[in-house]
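Q: To start, I am sharing the structure in question, which I have written as structure tokens.
The values are calculated or read from the model by the stated rules, or taken from the named source; none is laboratory data. The shown structure was predicted, so the numbers you read here are calculated from the model rather than taken from an experiment. Every residue, glycine among them, receives a Cβ derived from its backbone with ideal geometry; neighbour counts consider all protein chains shown. Just so you know, the surface numbers come from the protein's heavy atoms only, side chains and all, with ligands and any DNA or RNA stripped out. Shrake-Rupley method; radii C 1.70, N 1.55, O 1.52, S 1.80 Å.
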Amino acid sequence: LEREVRATLALDFPMSSFDLDLEDVRKSVEELPAVLNAGAQLKSGGVLEIAIEPRVAVVVWRSSKGLRLVDAEGVAFARIAMRSDRADLPLVVGRGANRAVPEALALFDAMQPIGPRLRGLQRVGDRRWDVVLDRRQRVMLPEAKPVLALEKALALHSSQDLLARDVARVDFRNPARPVLRLGETAQGGGQEEKVEAQ
């Protein structure tokens, strides 16, 4: 980030303080995607000090344009080459996933009881989420109140070990009538069928 700031400003030192517009310097630095806020001041001895508050990544977003780091405001500010570069951050996938980061963070928080099984969240139709688990399982959430629907699904798992069974999909898009789609093993290798959750 420091190198990026120096390259952006391209100031030719030494220079007179009269030739330096601190407001322009601040604005130029704040235009960098990785900078949330910046300040610029001249200190004694003719030293230009630039204070930077960098954006902090909270999720990795996989889109058609590759992997990007996204902050809590949904701003994609840096690219990464591989998912393993930021394995410490949760993954969101799909068009518009960056615009729903606060909701995604609430869902990640709710998933803590089975966190090790979580692979990420997929944005569907830029309006709702699927929770993607290992073993190719999905919990399909509604557009409205997805955290509440997820908590209901997790309560069902807690009471009936739901996600430990051979269930391919837990469809909570209509929380009043959740539907399970069995995996192939559970139905003897046939097609998946919908079964109402009790």
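Q: What is the gain in length, in nm to one decimal, between R135 and R117 on full extension, counting 0.36 nm per residue of separation less the C-alpha to C-alpha distance?
A: Taking 0.36 nm per residue and subtracting the Cα distance, the gain is 5.6 nm.
Q: If you take the C-alpha gyration tensor of the range 4-65, multiply each eigenvalue by 5 and take the square root, what semi-axes do you get, largest first, in whole Å?
A: Computed over the range 4-65, the values are 29, 12, 9 Å.
Q: A further question on this structure: Measure off, as a whole percent, the carbon and sulfur share of the 1.4 Å-probe accessible area of the chain, all protein chains present. Walk me through the numbers on the way to the answer.
A: On the way: 5750 of 11640 Å².
Ligands and nucleic acids excluded, carbon and sulfur reach 49 percent.
Q: Treat the chain as a sphere of radius equal to its Kirkwood radius over Cα pairs and apply Stokes-Einstein at 25 °C in a medium of 0.890 mPa s; give the translational diffusion coefficient in µm²/s, rounded to a whole number.
A: Using the Kirkwood radius from Cα pairs, D works out to 124 µm²/s.
Q: Please work out the Cα center distance from the range 14-58 to the range 99-156, rounded to the nearest Å.
A: Computed from Cα coordinates, the inter-centre distance equals 40 Å.
Q: Taking just the alpha carbons, could you work out the radius of gyration and Dmax for the range 41-156, both in angstroms?
A: Just the Cα atoms of the range 41-156 yield Rg and Dmax of 17.5, 67 Å.
Q: Using a Gaussian network for the chain with springs between C-alpha atoms less than 10 Å apart, which of these wobbles most: L36, L20, L154?
A: For the chain, modelled as a Gaussian network with Cα springs under 10 Å, the answer is L20.
Q: For the chain, take the longest principal axis of its alpha carbons; what is the angle in degrees between that and the long axis of helix 146-160, to the nearest 10 within 0 to 90?
A: That helix lies at roughly 40 degrees to the long axis.
Q: If you don't mind, another one. At a 10 angstrom cut-off on C-beta neighbours, averaged per residue, how do the peptides 23-31, 128-136 rank from highest to lowest?
A: Numbers: 23-31: 14.8, 128-136: 17.8.
Ranking the peptides 23-31, 128-136 by packing returns 128-136, 23-31.
Q: Also: Can you tell me the order of 168-180, 38-50 when each peptide is scored by its average per-residue count of other Cβ atoms within 10 angstrom, highest first?
A: 168-180, 38-50
Q: Sticking with this structure for a sec: Can you give the FRET efficiency for L105 and F18, using 1/(1 + (r/R0)^6), R0 = 41 Å, r = Cβ-Cβ distance, to the nearest 0.05?
A: With a Förster radius of 41 Å, E is 0.30.
Q: Here is a follow-up. Just to confirm the number: angle between the C-alpha axis of helix 101-110 and the first principal axis of the chain, 0 to 90 degrees, nearest 10?
A: 50 degrees
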